[in-house]
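Participant: Have a look at the structure that comes next, please.
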Amino acid sequence: MIEQGHPALSIGAQCRLLSISRSSFYHEPVGETEQNLGLMQLIDKQFLDSPFYGVRQMTWHLQNEGHGVNQKRIRRLMRLMRLMPIYQKPNTSKPRKGHKTYPYLLGGLRVDRPGQVWCADITYLPMRRGFLYLVAIMDWFTRKVLAWRISNTLEADFCVEALNEAIHRFGAPGIMNTDQGSQFTSFAWTDRLKRAGTRISMDGKGRCIDNVFIERLWRSLKYECVYLHAWETGSQAKAAIGQWIAFYNHRRPHTAHGGQPPAVVYFNTIETDQQAQAVA
(Lines give C-alpha, C1' and ligand atoms only; values in the text may rest on other atoms or scores of the structure.)
Protein backbone atom coordinates (compact mmCIF):
# COMPACT_ATOMS: atom_id res chain seq x y z
CA MET A 1 0.00 0.00 0.00
CA ILE A 2 3.00 2.28 0.39
CA GLU A 3 4.20 3.88 -2.82
CA GLN A 4 7.87 4.77 -2.99
CA GLY A 5 8.54 7.98 -4.88
CA HIS A 6 5.05 9.37 -4.28
CA PRO A 7 4.96 12.99 -5.54
CA ALA A 8 3.18 14.39 -2.49
CA LEU A 9 3.64 11.97 0.41
CA SER A 10 6.92 10.82 1.89
CA ILE A 11 7.43 7.28 3.14
CA GLY A 12 7.10 8.53 6.70
CA ALA A 13 3.82 10.33 5.98
CA GLN A 14 2.35 7.25 4.28
CA CYS A 15 3.39 5.10 7.26
CA ARG A 16 1.69 7.50 9.68
CA LEU A 17 -1.52 7.43 7.61
CA LEU A 18 -1.50 3.62 7.73
CA SER A 19 -0.63 3.57 11.45
CA ILE A 20 2.57 1.59 11.00
CA SER A 21 6.13 2.46 11.96
CA ARG A 22 8.56 3.47 9.26
CA SER A 23 11.00 0.82 10.50
CA SER A 24 8.38 -1.84 9.75
CA PHE A 25 8.32 -0.73 6.11
CA TYR A 26 12.09 -0.97 5.75
CA HIS A 27 12.43 -4.18 7.75
CA GLU A 28 13.56 -7.20 5.75
CA PRO A 29 12.98 -10.49 7.62
CA VAL A 30 16.06 -12.65 8.07
CA GLY A 31 15.59 -16.18 6.75
CA GLU A 32 16.93 -19.34 8.30
CA THR A 33 20.65 -19.99 8.07
CA GLU A 34 21.98 -22.58 5.65
CA GLN A 35 22.78 -24.81 8.61
CA ASN A 36 19.22 -24.61 9.96
CA LEU A 37 17.75 -25.29 6.51
CA GLY A 38 19.91 -28.40 6.31
CA LEU A 39 18.76 -29.51 9.74
CA MET A 40 15.13 -28.93 8.77
CA GLN A 41 15.46 -31.25 5.81
CA LEU A 42 17.12 -33.93 7.98
CA ILE A 43 14.35 -33.56 10.56
CA ASP A 44 11.68 -33.83 7.86
CA LYS A 45 13.15 -37.00 6.39
CA GLN A 46 13.55 -38.66 9.79
CA PHE A 47 10.05 -37.65 10.84
CA LEU A 48 8.57 -39.44 7.83
CA ASP A 49 10.25 -42.65 9.04
CA SER A 50 9.55 -42.13 12.76
CA PRO A 51 6.57 -39.81 13.28
CA PHE A 52 6.61 -40.67 16.98
CA TYR A 53 9.87 -38.73 17.49
CA GLY A 54 9.35 -35.72 19.73
CA VAL A 55 11.86 -32.94 20.34
CA ARG A 56 14.04 -34.93 22.74
CA GLN A 57 14.26 -38.02 20.53
CA MET A 58 14.86 -35.96 17.40
CA THR A 59 17.63 -34.07 19.19
CA TRP A 60 19.27 -37.33 20.29
CA HIS A 61 18.99 -38.70 16.75
CA LEU A 62 20.74 -35.68 15.23
CA GLN A 63 23.40 -35.66 17.94
CA ASN A 64 24.08 -39.34 17.25
CA GLU A 65 24.51 -38.41 13.57
CA GLY A 66 27.21 -35.91 14.55
CA HIS A 67 25.22 -32.65 14.59
CA GLY A 68 25.86 -30.19 17.42
CA VAL A 69 22.27 -29.29 18.27
CA ASN A 70 20.25 -28.82 21.45
CA GLN A 71 16.59 -29.29 22.29
CA LYS A 72 15.85 -25.57 22.13
CA ARG A 73 16.88 -25.34 18.47
CA ILE A 74 15.12 -28.55 17.45
CA ARG A 75 11.92 -27.49 19.23
CA ARG A 76 11.90 -24.19 17.34
CA LEU A 77 12.57 -25.83 13.98
CA MET A 78 9.97 -28.56 14.46
CA ARG A 79 7.43 -25.93 15.48
CA LEU A 80 8.33 -23.86 12.43
CA MET A 81 7.90 -26.92 10.21
CA ARG A 82 4.56 -27.71 11.86
CA LEU A 83 5.68 -31.21 12.83
CA MET A 84 3.72 -32.92 15.58
CA PRO A 85 4.57 -36.39 16.93
CA ILE A 86 1.79 -38.95 17.19
CA TYR A 87 1.66 -38.66 20.96
CA GLN A 88 0.87 -35.50 22.90
CA LYS A 89 4.30 -33.89 23.10
CA PRO A 90 4.60 -30.90 22.62
CA ASN A 91 1.49 -29.61 20.83
CA THR A 92 2.93 -27.75 17.82
CA SER A 93 -0.36 -27.70 15.93
CA LYS A 94 -2.58 -25.96 18.42
CA PRO A 95 -5.59 -23.76 17.71
CA ARG A 96 -5.45 -20.06 18.37
CA LYS A 97 -6.86 -18.83 21.64
CA GLY A 98 -10.63 -18.64 21.42
CA HIS A 99 -10.94 -20.92 18.40
CA LYS A 100 -13.40 -23.78 18.74
CA THR A 101 -12.28 -27.36 18.16
CA TYR A 102 -14.51 -30.25 17.05
CA PRO A 103 -14.68 -33.98 17.89
CA TYR A 104 -13.22 -36.73 15.72
CA LEU A 105 -16.10 -38.21 13.71
CA LEU A 106 -14.39 -40.98 11.75
CA GLY A 107 -13.93 -43.58 14.48
CA GLY A 108 -15.79 -46.72 13.35
CA LEU A 109 -17.31 -44.88 10.36
CA ARG A 110 -17.54 -46.91 7.13
CA VAL A 111 -16.40 -44.70 4.27
CA ASP A 112 -17.52 -46.26 0.98
CA ARG A 113 -18.07 -43.50 -1.56
CA PRO A 114 -16.42 -40.34 -2.95
CA GLY A 115 -17.43 -37.09 -1.29
CA GLN A 116 -18.47 -38.76 1.95
CA VAL A 117 -15.31 -37.63 3.78
CA TRP A 118 -12.54 -35.24 2.80
CA CYS A 119 -9.35 -34.57 4.72
CA ALA A 120 -6.85 -31.72 4.61
CA ASP A 121 -3.37 -31.11 5.97
CA ILE A 122 -0.33 -28.86 5.63
CA THR A 123 3.27 -29.95 5.12
CA TYR A 124 6.69 -28.28 4.89
CA LEU A 125 8.52 -28.05 1.55
CA PRO A 126 12.31 -27.54 1.67
CA MET A 127 13.87 -25.20 -0.92
CA ARG A 128 17.48 -24.46 -1.75
CA ARG A 129 17.38 -21.17 0.19
CA GLY A 130 14.23 -21.40 2.27
CA PHE A 131 11.00 -23.30 2.60
CA LEU A 132 7.30 -23.15 1.72
CA TYR A 133 4.10 -24.74 2.99
CA LEU A 134 1.75 -26.93 0.99
CA VAL A 135 -1.90 -27.64 1.80
CA ALA A 136 -3.81 -30.45 0.09
CA ILE A 137 -7.43 -31.53 0.22
CA MET A 138 -8.02 -35.24 -0.39
CA ASP A 139 -11.05 -37.46 -0.85
CA TRP A 140 -10.82 -40.05 1.95
CA PHE A 141 -12.34 -42.98 0.01
CA THR A 142 -10.47 -42.70 -3.30
CA ARG A 143 -7.32 -40.82 -2.05
CA LYS A 144 -7.69 -38.36 -4.94
CA VAL A 145 -6.15 -34.91 -4.34
CA LEU A 146 -8.98 -32.49 -5.03
CA ALA A 147 -7.16 -29.17 -4.61
CA TRP A 148 -3.88 -27.78 -3.28
CA ARG A 149 -2.08 -24.49 -2.68
CA ILE A 150 1.46 -23.35 -1.81
CA SER A 151 2.24 -20.46 0.56
CA ASN A 152 5.25 -18.91 2.27
CA THR A 153 3.24 -18.30 5.46
CA LEU A 154 0.88 -20.32 7.65
CA GLU A 155 -2.04 -17.91 7.42
CA ALA A 156 -5.42 -19.54 6.78
CA ASP A 157 -6.03 -17.80 3.43
CA PHE A 158 -4.28 -20.32 1.20
CA CYS A 159 -6.12 -23.19 2.90
CA VAL A 160 -9.50 -21.52 2.33
CA GLU A 161 -8.58 -20.90 -1.32
CA ALA A 162 -7.92 -24.62 -1.80
CA LEU A 163 -11.17 -25.47 -0.01
CA ASN A 164 -13.17 -23.10 -2.22
CA GLU A 165 -11.67 -24.66 -5.34
CA ALA A 166 -12.44 -28.20 -4.18
CA ILE A 167 -16.05 -27.35 -3.30
CA HIS A 168 -16.54 -25.48 -6.58
CA ARG A 169 -15.21 -28.40 -8.65
CA PHE A 170 -16.55 -31.40 -6.73
CA GLY A 171 -19.34 -30.19 -4.45
CA ALA A 172 -19.23 -30.08 -0.66
CA PRO A 173 -18.31 -33.23 1.31
CA GLY A 174 -20.36 -34.77 4.10
CA ILE A 175 -17.46 -34.53 6.58
CA MET A 176 -14.14 -32.64 6.53
CA ASN A 177 -11.38 -34.02 8.77
CA THR A 178 -8.27 -32.04 9.75
CA ASP A 179 -5.93 -31.58 12.68
CA GLN A 180 -6.46 -28.84 15.27
CA GLY A 181 -4.07 -26.36 13.67
CA SER A 182 -4.96 -22.67 13.75
CA GLN A 183 -5.65 -22.65 9.99
CA PHE A 184 -8.36 -25.29 10.39
CA THR A 185 -9.90 -23.86 13.57
CA SER A 186 -10.03 -20.36 12.08
CA PHE A 187 -13.39 -18.71 11.49
CA ALA A 188 -12.72 -18.43 7.73
CA TRP A 189 -12.22 -22.21 7.37
CA THR A 190 -14.98 -23.44 9.69
CA ASP A 191 -17.52 -20.87 8.46
CA ARG A 192 -16.96 -21.95 4.85
CA LEU A 193 -17.61 -25.57 5.78
CA LYS A 194 -20.70 -24.72 7.81
CA ARG A 195 -22.15 -22.66 4.96
CA ALA A 196 -21.58 -25.65 2.66
CA GLY A 197 -23.43 -27.94 5.08
CA THR A 198 -20.32 -29.99 5.91
CA ARG A 199 -19.76 -31.59 9.32
CA ILE A 200 -16.37 -30.75 10.86
CA SER A 201 -14.12 -33.47 12.30
CA MET A 202 -10.74 -32.93 13.96
CA ASP A 203 -7.97 -35.31 15.00
CA GLY A 204 -7.13 -35.84 18.63
CA LYS A 205 -4.20 -33.75 19.87
CA GLY A 206 -0.86 -35.16 18.79
CA ARG A 207 -2.43 -37.92 16.66
CA CYS A 208 -1.44 -37.54 13.02
CA ILE A 209 -2.47 -41.19 12.53
CA ASP A 210 -6.09 -40.00 12.69
CA ASN A 211 -5.43 -38.41 9.29
CA VAL A 212 -3.30 -41.32 8.09
CA PHE A 213 -4.13 -41.23 4.37
CA ILE A 214 -2.90 -37.70 3.80
CA GLU A 215 0.20 -38.45 5.90
CA ARG A 216 0.96 -41.26 3.43
CA LEU A 217 0.47 -38.78 0.59
CA TRP A 218 3.15 -36.53 2.10
CA ARG A 219 5.58 -39.43 2.36
CA SER A 220 5.10 -40.38 -1.30
CA LEU A 221 5.28 -36.76 -2.46
CA LYS A 222 8.50 -36.04 -0.62
CA TYR A 223 10.42 -39.17 -1.58
CA GLU A 224 9.19 -39.22 -5.19
CA CYS A 225 9.39 -35.48 -5.89
CA VAL A 226 10.48 -33.01 -3.22
CA TYR A 227 13.75 -34.62 -2.10
CA LEU A 228 14.84 -35.19 -5.71
CA HIS A 229 15.02 -31.45 -6.38
CA ALA A 230 16.48 -28.28 -4.90
CA TRP A 231 14.09 -25.59 -6.08
CA GLU A 232 15.30 -22.01 -6.28
CA THR A 233 11.91 -20.30 -6.58
CA GLY A 234 8.32 -20.79 -5.56
CA SER A 235 7.26 -21.01 -9.19
CA GLN A 236 9.60 -23.95 -9.75
CA ALA A 237 8.19 -25.70 -6.69
CA LYS A 238 4.61 -25.01 -7.78
CA ALA A 239 5.20 -26.41 -11.28
CA ALA A 240 6.90 -29.56 -9.98
CA ILE A 241 4.27 -30.20 -7.30
CA GLY A 242 1.52 -29.71 -9.88
CA GLN A 243 3.11 -32.25 -12.23
CA TRP A 244 3.53 -34.81 -9.45
CA ILE A 245 -0.04 -34.44 -8.18
CA ALA A 246 -1.39 -34.85 -11.72
CA PHE A 247 0.76 -38.01 -12.01
CA TYR A 248 -0.43 -39.22 -8.61
CA ASN A 249 -4.11 -38.65 -9.41
CA HIS A 250 -4.22 -40.02 -12.96
CA ARG A 251 -1.30 -42.39 -13.53
CA ARG A 252 0.33 -43.59 -10.31
CA PRO A 253 -0.97 -47.06 -9.29
CA HIS A 254 -2.42 -47.07 -5.77
CA THR A 255 -2.18 -50.14 -3.54
CA ALA A 256 -5.53 -49.47 -1.87
CA HIS A 257 -7.29 -49.71 -5.24
CA GLY A 258 -5.59 -52.77 -6.66
CA GLY A 259 -3.23 -50.71 -8.79
CA GLN A 260 -5.77 -48.23 -10.15
CA PRO A 261 -4.96 -44.48 -9.85
CA PRO A 262 -7.14 -42.43 -7.47
CA ALA A 263 -8.80 -40.31 -10.16
CA VAL A 264 -9.86 -43.40 -12.11
CA VAL A 265 -11.49 -44.88 -9.00
CA TYR A 266 -13.10 -41.54 -8.13
CA PHE A 267 -14.80 -40.98 -11.47
CA ASN A 268 -15.64 -44.65 -12.06
CA THR A 269 -17.34 -44.86 -8.67
CA ILE A 270 -19.34 -41.71 -9.29
CA GLU A 271 -20.40 -42.95 -12.74
CA THR A 272 -21.46 -46.33 -11.30
CA ASP A 273 -23.47 -44.62 -8.55
CA GLN A 274 -25.20 -42.36 -11.08
CA GLN A 275 -26.11 -45.34 -13.27
CA ALA A 276 -27.48 -47.20 -10.26
CA GLN A 277 -29.60 -44.22 -9.26
CA ALA A 278 -30.92 -43.89 -12.83
CA VAL A 279 -31.97 -47.54 -12.88
CA ALA A 280 -33.61 -47.22 -9.46
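Participant: With a 1.4 Å probe and all protein chains left in place, how much of the accessible area of the chain comes from carbon and sulfur atoms, in whole percent?
Facilitator: In the chain, the share of accessible area belonging to carbon and sulfur is 50 percent.
Participant: Sticking with this one: For residue 147, which sequence-distant residues (separation of 5 or more, or a different chain) have an amide H within less than 5 Å of its own amide H, given hydrogens modelled in the peptide plane?
Facilitator: Amide H to amide H, under 5 Å and 5 or more residues apart or across chains, residue 147 pairs with 137.
Participant: Please sort 172-178, 265-271 by packing, taking for each peptide the average over its residues of neighbouring beta carbons within 10 angstrom, highest first.
Facilitator: Output ranking for 172-178, 265-271: 172-178, 265-271.
Participant: With each run of n ≥ 4 DSSP H residues scored as -39500 (n - 2.57), what mean residue ellipticity at 222 nm is computed for the chain after dividing by its residue count and rounding to the nearest 500 deg cm²/dmol?
Facilitator: -13500 deg cm²/dmol
Participant: Taking the Cα atoms only, what angle lies between the long axis of helix 34-49 and the longest principal axis of the chain, rounded to 10 degrees?
Facilitator: The angle comes out at about 20 degrees.
Participant: Okay, moving on. Quick one: which residues, 5 or more positions from residue 199 or on another chain, have an amide H under 5 Å from its amide H? H modelled 1.01 Å from N in the peptide plane, none for Pro or chain starts.
Facilitator: 175, 176
Participant: Then there is this: What spacing in nm lies between the two simple spin-label points modelled at residue 79 and residue 9, each 7 Å away from Cα in the Cβ direction?
Facilitator: 3.6 nm
Participant: Take the residue pairs 72/222; 45/72; 100/222; 45/238; 100/194 and return only those whose Cα atoms are more than 24 Å apart.
Facilitator: 72/222; 100/222
Participant: Here is a further query. Using Cα pairs under 8 angstrom and six or more residues apart, how large is the relative contact order of the range 122-280, in percent?
Facilitator: 19 percent.
Participant: Give me the accessible area per residue for the chain, probe 1.4 Å, as a whole number in Å².
Facilitator: For the chain, the solvent-accessible area averages 53 Å² per residue.
The values are calculated or read from the model by the stated rules, or taken from the named source; none is laboratory data. All values reported here derive from a predicted model rather than from experimental measurement. Every residue, glycine as well, gets a Cβ built from its backbone with ideal geometry; the counts of neighbours run over all protein chains shown. Just so you know, the surface numbers come from the protein's heavy atoms only, side chains and all, with ligands and any DNA or RNA stripped out. Shrake-Rupley method; radii C 1.70, N 1.55, O 1.52, S 1.80 Å.
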